[in-house]
Amino acid sequence: QVQLVESGGGLVQPGGSLRLSCAASGSIFSIIGMGWYRQAPGKQRELVATIASGGSTNYADSVKGRFTISRDNAKNTVYLQMNSLKPEDTAVYYCNALVNVPGRAGYLEVWGQGTLVTVSS
């Protein structure tokens, strides 16, 4: 099986920065794409940013210019650098990966357990 382990969440003041990490492990042939989603209390889960294996990125309009997604293919790890954080960024952040595994046709979608980011003074 494939697992995603996230780290880096916590409490930060408005205007501050945090860096989230997510490492994929297990029976992985290749990773097609990785990304971050978030879910605030009482709201639906929404896309934050994604990065493809080739490095192309996609961001939600609400985080463009403030968040940067990056990836270390050798370590099967994706990062989310979050700057200029706002209270409305408060949410549980989930890592997502689309993974090719040996012996399986098609890709497998995997989710992490989530890490809480709280932006508050």
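Per residue of the stretch 70-81, what does 6.51 cos²θ - 1.76 cosθ + 1.60 with θ = phi - 60° give for ³J(HN,Hα)? Whole Hz please, x for Gly and Pro, Karplus curve as stated.
Each residue of the stretch 70-81 in turn: 9, 8, 10, 5, 5, 9, 6, 10, 10, 10, 9, 8 Hz.
Tell me which residues come under 5 Å, amide H to amide H, from Thr90 once H is placed; ignore anything under 5 positions away on its chain.
The answer is Val119.
Applying the Karplus parametrisation 6.51 cos²θ - 1.76 cosθ + 1.60 with θ = phi - 60° to the phi angles of the stretch 106-121, what ³J(HN,Hα) value in whole Hz is obtained for each residue in order, glycine and proline being reported as x?
Calculated HN-Hα couplings, in order: x, 8, 10, 9, 10, 10, x, 7, x, 9, 7, 10, 10, 10, 7, 8 Hz.
Give a residue-ordered list of calculated ³J(HN,Hα) values for the stretch 17-24 (Karplus: 6.51 cos²θ - 1.76 cosθ + 1.60, θ = phi - 60°; whole Hz; x for Gly, Pro).
Each residue of the stretch 17-24 in turn: 10, 9, 10, 9, 10, 9, 10, 9 Hz.
What does the extension gain come out to for Asp72 and Ala52, with contour length at 0.36 nm per residue minus their alpha carbon separation? Numbers along the way, then the final one.
Working: separation 20, 0.36 × 20 = 7.20 nm, distance 1.14 nm.
Using 0.36 nm per residue and subtracting the Cα-Cα distance, I get 6.1 nm.
Name the residues whose placed amide hydrogens come within less than 5 Å of the amide hydrogen of Phe67, ignoring near sequence neighbours (fewer than 5 apart) on the same chain.
Asn83
In whole percent, how big is the carbon plus sulfur part of the accessible area of the chain, probe 1.4 Å, protein atoms only? Don't jump to the answer; show the numbers that get you there.
Working: 3060 of 6350 Å².
Of the solvent-accessible surface of the chain, carbon and sulfur hold 48 percent.
Using a Gaussian network for the chain with springs between C-alpha atoms less than 10 Å apart, which of these wobbles most: Gly103, Gly26, Gly54?
Gly103
Which value, in Å², gives the accessible area per residue of the chain when a 1.4 Å probe is used on the protein heavy atoms?
52 Å²
Would you mind calculating the relative contact order of the chain from Cα pairs under 8 angstrom and at least 6 residues apart, reporting the percent as a whole number? Mind showing how you got there, number by number?
Details: 303 pairs, mean separation 43.7, N = 121.
It rounds to 36 percent for the chain.
Amide H to amide H, which residues 5 or more places from Gly16 or on other chains are under 5 Å from it, using H placed in the peptide plane?
Distant-sequence amide H within range of Gly16: Leu85.
One quarter of the convex hull surface, Cα atoms only: what value does that give for the chain in nm²?
7.2 nm²
The values are calculated or read from the model by the stated rules, or taken from the named source; none is laboratory data. Treat the numbers as computed from the prediction; the structure is a model and nothing was measured. Ligands, DNA and RNA are stripped out before the accessible areas are found, and what is left, the full protein with its side chains, is counted by its heavy atoms. Shrake-Rupley method; radii C 1.70, N 1.55, O 1.52, S 1.80 Å.
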